[in-house]
Amino acid sequence: MIIAVDGSAASGKGTLAKRLAAHFDLAHLDTGGLYRALALYLMRQRISAETAEETVAAAAIADLDLRLIDDPAIRDDAVAHMASVIAAMPAVRAGFLRLQRDFASTPPVGTGAILDGRDIGSVVLPDAPIKFFVDADIEIRARRRTNELQAAGQSVMFRDVLADMQARDARDRGRTIAPLRAVEDAKQINTSDMDADQVFIAALAYVETTGT
Ligand code: DC
């Protein structure tokens, strides 16, 4: 079983992907983690969003230690910002393509794979038999993210998180290469008025209809 999950930041796509992975015994790849790990790796070399050059960023993929995906530092807002900048670079996206496709064709564990990101159903795995597109109103997503950051002890304000999210959304949706968009064969779920359980139940019901 191969499942593609795309969606906006803080839409609930990551939570959904994790739950589907556990339910169907699938290997899970959070592809945003790849861009964040590369961003953190570059930032640690004193490269910033303003100074990052496409060729340098893409070349760094070869040296990237993928264990960085598990480093809590990749969740910082500064890393998210850098990630959204380098994710708009075609050479960086091309550099991660093979890795993502290999993960899906040869999952390291389980009986299949689930990848979540922005372009999984449109670019990385266009033939995936099951695709989801998860979204929610931006104010609700910003509220969720604010609560998450505050619960983690960070002192952030809702309006700053919202402004940040608007900028990141604009970059993800507006870039010329692999922009965030719902493909026609994706099951769309708007999570604005749903909790994680409801989203999971809706997704399971959809998987049943696909007969896979
Ligand atoms: O989902 P996230 O917030 O961890 O993603 C971090 C950044 O990486 C975000 O700006 C979108 C980008 N991204 C992407 O362009 N393509 C993906 N498949 C996954 C993430």
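The values are calculated or read from the model by the stated rules, or taken from the named source; none is laboratory data. Only a predicted model underlies this, so the values are computations on that prediction, with no experimental measurement involved. Note: ideal-geometry Cβ built from the backbone for every residue, glycine included; neighbour counts use all protein chains shown. Calculation scope for accessible area: heavy atoms of the full protein, side chains included, ligands and nucleic acids excluded. Shrake-Rupley method; radii C 1.70, N 1.55, O 1.52, S 1.80 Å.
Considering only the stretch 7-28, state which residues are open to solvent by 20 Å² or more (accessible area, probe 1.4 Å) and more than 9 Å from the ligand (Cβ to nearest atom).
Result: 12, 15, 18, 19, 22, 23, 24, 25, 28.
Assess whether residue 155 counts as being among the hydroxyl-bearing types (Ser, Thr, Tyr), over 19 Å from residue 5 (Cα atoms) and more than 13 Å from the ligand (Cβ to nearest atom).
Answer is yes for this residue.
Looking at (1) hydrophobic (A, V, I, L, M, F, W, C); (2) surrounded by fewer than 14 Cβ atoms within 10 Å (Cβ to Cβ); (3) modelled with pLDDT of 95 or more, which one does residue 152 not meet, given that it meets all the others?
(3)
So which of 95, 121 ends up being among the small types (Gly, Ala, Ser), over 18 Å from residue 192 (Cα atoms), touching a residue at least 40 places away in the same chain (Cβ under 8 Å) and in a helix (DSSP H, G or I)?
Of 95, 121, the one residue that is among the small types (Gly, Ala, Ser), over 18 Å from residue 192 (Cα atoms), touching a residue at least 40 places away in the same chain (Cβ under 8 Å) and in a helix (DSSP H, G or I) is 121.
Inspect all residues belonging to the stretch 40-58 and state whether any of them is open to solvent by less than 30 Å² (accessible area, probe 1.4 Å), within 16 Å of the ligand (Cβ to nearest atom), of a type outside the set (A, V, I, L, M, F, W, C) and over 18 Å from residue 177 (Cβ atoms).
No, the stretch 40-58 contains no residue that is open to solvent by less than 30 Å² (accessible area, probe 1.4 Å), within 16 Å of the ligand (Cβ to nearest atom), of a type outside the set (A, V, I, L, M, F, W, C) and over 18 Å from residue 177 (Cβ atoms).
Do you know which of the residues in the stretch 73-113 that are away from the ligand (no atom under 13 Å from the Cβ) and open to solvent by less than 10 Å² (accessible area, probe 1.4 Å) is nearest to the chain's Cα centre (by Cα)?
113
If a residue must be under 11 Å from residue 133 (Cβ atoms) and within 16 Å of the ligand (Cβ to nearest atom), how many such residues does the stretch 164-188 contain?
Going through the stretch 164-188 one residue at a time, the tally reaches 5.
Considering every residue within the stretch 115-135, establish whether at least one is surrounded by fewer than 17 Cβ atoms within 10 Å (Cβ to Cβ), of a type in the set (Asp, Glu) and at pLDDT below 95.
No, the stretch 115-135 has no match at all.
Would you pick out the residues in the stretch 124-167 that are part of a strand (DSSP E or B) and hydrophobic (A, V, I, L, M, F, W, C)?
130, 132, 133, 134, listed by residue number.
Name the pairs: first residue in the stretch 131-155 and among the charged types (D, E, K, R), second residue open to solvent by less than 20 Å² (accessible area, probe 1.4 Å) and outside any loop (DSSP other than H, G, I, E, B), Cβ to Cβ under 7 Å, at least 6 apart or on different chains?
Between residues of the stretch 131-155 that are among the charged types (D, E, K, R) and residues that are open to solvent by less than 20 Å² (accessible area, probe 1.4 Å) and outside any loop (DSSP other than H, G, I, E, B), the close pairs are 131/4; 131/121; 135/7; 141/165; 145/161; 145/165.
Which ones in the stretch 168-212 are within 23 Å of residue 123 (Cα to Cα), open to solvent by 30 Å² or more (accessible area, probe 1.4 Å) and in a helix (DSSP H, G or I)?
170, 171, 173, 174, 206, 210
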